[in-house]
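Take a look at the structure set out below.
The values are calculated or read from the model by the stated rules, or taken from the named source; none is laboratory data. Quick caveat: nothing in here was measured; it's all calculated off a predicted structure. Virtual Cβ from ideal backbone geometry, glycine too; neighbours counted across all protein chains shown. These area figures cover heavy atoms from the full protein model, side chains too; ligands, DNA and RNA do not enter into them. Shrake-Rupley method; radii C 1.70, N 1.55, O 1.52, S 1.80 Å.
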Amino acid sequence: MTSALVVYAGALHRAAGGGDPGLHLTDPAGRLLRRLDTAAWHAEPTRGDRALLSRCTGATLDIGCGPGRLVAELTRRRVPALGIDVSPTAVRLARSRGANALVHDVFTPLPGRLPFMHTLLVDGNIGIGGDPARLLGRCRDLLAAGGTVLAEVDPPGTRGWRATVALTDHLRTSDPFAWAAVSADEIAPLSAQVGLRQTDSWTAEGRWFTCLAR
């Protein structure tokens with residue numbers, strides 16, 4: 001079997017070269033859960049991205065930064081920003097576009113770089129680790145007083161899930177790993193469980209976002 005990091009890295013390389021990696025998230029039976037838009041991760045920030053980033057007024061941590069489009073844009077805006085990703089390939093690509101990025105797991109200590117005013121969970125990254133409450137609790141711990149978590153969520157009317165999934169491209173399927181999704185209807189009570197309060201929600205370009213305050 002192939003690790004998810006290997007499949008992810010291959011998709012990032014192909015997308016960076018203009019190819020279609022055909023990267024999908026599937027369940028254990030191979031059924032499609034969602035298509036992953038790797039081309040968008042390499043592109044310039046969209047209007048929806050920029051609306052999100054306009055809320056970043058201080059030091060910002062992008063969790064699961066991928067090839068770094070958001071961190072690079074914040075850097076251009078002179079906002080202190082750091083991206084972290086478990087993939088060395090993603091971090092290398094992020095650095096190549098001027099982003100400050102580290103190979104790092106969000107659930108391990110990040111010494112000397114605390115606290116942040118904002119943490120970002122975009123492009124489905126609220127699913128990291130398969131336990132959104134645990135991830136949001138970790139984000140809370142990384143924030144300064146008055147800081148915010150800015151997260152992208154699934155549309156209202158949909159149902160969140162926690163599952164064992166795999167990454168699948170044109171060539172191979174990864175080993176299983178834990179992932180999750182949270183809908184706009186579910187984020188407020190979920191965040192309240194870990195001491196965060198929803199202060200705003202909005203939609204842009206068919207995407208849904210929320211602001212959670214410590």
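If a residue counts only when it is of a type in the set (Lys, Arg) and modelled with pLDDT under 95, which strands (runs of 3 or more DSSP E) contained entirely in region 1-92 have at least 1 such residues?
Qualifying strands (runs of 3 or more DSSP E): 32-35.
Would you tally the residues in region 153-167 being in contact (Cβ under 8 Å) with a residue 60 or more places away in the chain and open to solvent by less than 30 Å² (accessible area, probe 1.4 Å)?
3
How many residues does region 75-108 contain that are within 27 Å of ALA4 (Cα to Cα) and open to solvent by 70 Å² or more (accessible area, probe 1.4 Å)?
7
Could you tell me whether any residue of region 109-119 is closer than 19 Å to GLY10 by Cα and surrounded by 17 or more Cβ atoms within 10 Å (Cβ to Cβ)?
Within region 109-119, none of the residues are closer than 19 Å to GLY10 by Cα and surrounded by 17 or more Cβ atoms within 10 Å (Cβ to Cβ).
Evaluate region 175-190: report whether one residue or more is at pLDDT below 95 and open to solvent by less than 40 Å² (accessible area, probe 1.4 Å).
no
Looking at region 111-145, which of its residues are in a loop (DSSP other than H, G, I, E, B) and either under 14 Å from GLY195 (Cβ atoms) or touching a helix residue (DSSP H, G or I) at 6+ places or on another chain (Cβ under 7 Å) (or both)?
LEU114, PRO115, VAL122, ASP123
Looking at region 38-55, can you tell me whether even one residue there is of a type in the set (Gly, Ala, Ser), open to solvent by 10 Å² or more (accessible area, probe 1.4 Å), within 25 Å of THR199 (Cα to Cα) and within 15 Å of the chain's Cα centre (by Cα)?
Checked region 38-55: no residue is of a type in the set (Gly, Ala, Ser), open to solvent by 10 Å² or more (accessible area, probe 1.4 Å), within 25 Å of THR199 (Cα to Cα) and within 15 Å of the chain's Cα centre (by Cα).
Just to be sure I understand the filter: pairs with C-beta atoms under 9 Å, separated by 6 or more residues or on different chains, first member in region 199-214 and outside any strand (DSSP E or B), second member crowded, with 20+ Cβ neighbours inside 10 Å. Which pairs pass?
GLU205/ASP49; ARG214/CYS139; ARG214/LEU143; ARG214/GLY147; ARG214/THR148; ARG214/VAL149; ARG214/LEU196
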